[in-house]
Amino acid sequence: MWQVTTMSTTTRTSTAERLGRSFGRGGRAYVRGERRVSSWLASKGMPVAGAAALLWVVKLAVLGALLYTAFWLALLLVGLLFVARGFGKGDYDFSLPREELRHGEAGFGLYSSDGHRLDPHDPNNPYDD
């Protein structure tokens with residue numbers, strides 16, 4: 001007779017939420033590892049401020065290495081782009097008039113720079129504008 005549909009009370013976790021939770025777990029794991037290294041350095045006799053400074057120096061060195069690598073990769077990509085576009089060729093003059101598709105005296109078609117239609121057409125054909 002009648003079919004009753006009920007809504008599910010369980011909610012699905014979205015991909016963005018799962019990704020955010022994964023990043024959060026990774027960040028917490030990193031902080032735990034950093035605290036572990038800091039406490040290990042302090043147990044070996046290094047001052048706590050010195051351990052914190054050493055960790056910052058390591059972080060900045062890693063950031064510098066990443067930026068250095070990103071710079072050279074970007075420079076390589078720009079160089080490849082110039083090579084792919086034919087940077088060395090430069091003999092094409094864009095200011096010279098060229099053939100173009102446009103409406104002219106004989107209808108729409110390919111015209112030279114002096115106005116003559118270049119593509120074949122039949123002026124008596126009503127469908128060949």
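The values are calculated or read from the model by the stated rules, or taken from the named source; none is laboratory data. Predicted model only: the values in this text are computed from it and were never measured. As a convention, Cβ positions derive from the backbone with ideal geometry for all residues, glycine included, and neighbour counts pool all protein chains shown.
Return the only residue of LEU77, LEU81 being at pLDDT 95 or above and surrounded by fewer than 11 Cβ atoms within 10 Å (Cβ to Cβ). It would help to see each step written out before you state the result.
Details: LEU81 fails: at pLDDT 95 or above.
The conditions single out LEU77.
Does TYR111 qualify as being at pLDDT below 75 and over 30 Å from ARG32 (Cβ atoms)?
Details: at pLDDT below 75: no; over 30 Å from ARG32 (Cβ atoms): yes.
So TYR111 fails the test.
Which ones in the stretch 108-129 are under 13 Å from ARG98 (Cα atoms) and charged (D, E, K, R)?
First, the residues of the stretch 108-129 that are under 13 Å from ARG98 (Cα atoms): 110-118.
The answer is ASP114, ARG117.
State whether the residues of the stretch 64-86 include one that is in a loop (DSSP other than H, G, I, E, B) and charged (D, E, K, R). Quick ask: steps written out before the conclusion?
Just the residues of the stretch 64-86 that are in a loop (DSSP other than H, G, I, E, B), to begin with: 85-86.
Next, from what is left, pick out any that are charged (D, E, K, R): 85.
Taking every residue of the stretch 64-86 in turn, at least one turns out to be in a loop (DSSP other than H, G, I, E, B) and charged (D, E, K, R).
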